[in-house]
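First the structure, in the form of structure tokens, and then the observations on it.
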């Protein structure tokens with residue numbers, strides 16, 4: 001029964017990592033808030049399966065890149081408390097990855113929702 005216990009422990013550790021990020025990382029909470037809002041909008045507009053797929057891929061990219069960013073920051077902080085240019089670069093590159101994924105997510109959201117929002121506004125104004 002050891003392999004089953006090992007798998008369960010792996011899931012527990014993963015949950016602890018997600019929980020840590022949500023508790024300690026403001027940007028992670030912001031990302032999850034936007035995920036919830038976009039899911040609500042997708043349900044309201046009854047978007048197509050392929051659009052859901054694109055949204056969930058971008059959700060995953062943003063959330064996981066934020067988690068990798070947090071992990072990199074913690075490892076760098078564990079190694080040194082002093083300022084090092086290479087430590088700064090590591091942190092900046094990880095943060096840049098999050099930013100790129102967030103920008104792509106906004107673009108995907110635009111492609112999925114813009115025409116629907118314009119249509120609703122047009123019908124509301126008329």
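The values are calculated or read from the model by the stated rules, or taken from the named source; none is laboratory data. For clarity, every value in this text was computed on a predicted model and none was experimentally measured. All Cβ positions, glycine included, derive from the backbone under ideal geometry; neighbour counts span all protein chains shown.
Can you tell me which of 54, 109 is touching a residue at least 60 places away in the same chain (Cβ under 8 Å), crowded, with 16+ Cβ neighbours inside 10 Å and touching a helix residue (DSSP H, G or I) at 6+ places or on another chain (Cβ under 8 Å)? It is 109. Surrounded by fewer than 16 Cβ atoms within 10 Å (Cβ to Cβ) and either on the phi > 0 side of the Ramachandran plot or in contact with a strand residue (DSSP E or B) (Cβ under 8 Å, 6 or more places away or on another chain) (or both): does that describe residue 46? For residue 46, the condition - surrounded by fewer than 16 Cβ atoms within 10 Å (Cβ to Cβ) and either on the phi > 0 side of the Ramachandran plot or in contact with a strand residue (DSSP E or B) (Cβ under 8 Å, 6 or more places away or on another chain) (or both) - is met. For the structure I just gave you, tell me whether residue 70 is over 15 Å from residue 109 (Cβ atoms), crowded, with 16+ Cβ neighbours inside 10 Å and under 14 Å from the mean Cα position of the chain (by Cα). Answer is yes for this residue. Counting only helices (runs of 4 or more DSSP H) that sit completely within segment 1-79, those holding 2 or more residues that are modelled with pLDDT under 95 and more than 27 Å from residue 95 (Cα to Cα) correspond to 2-24.
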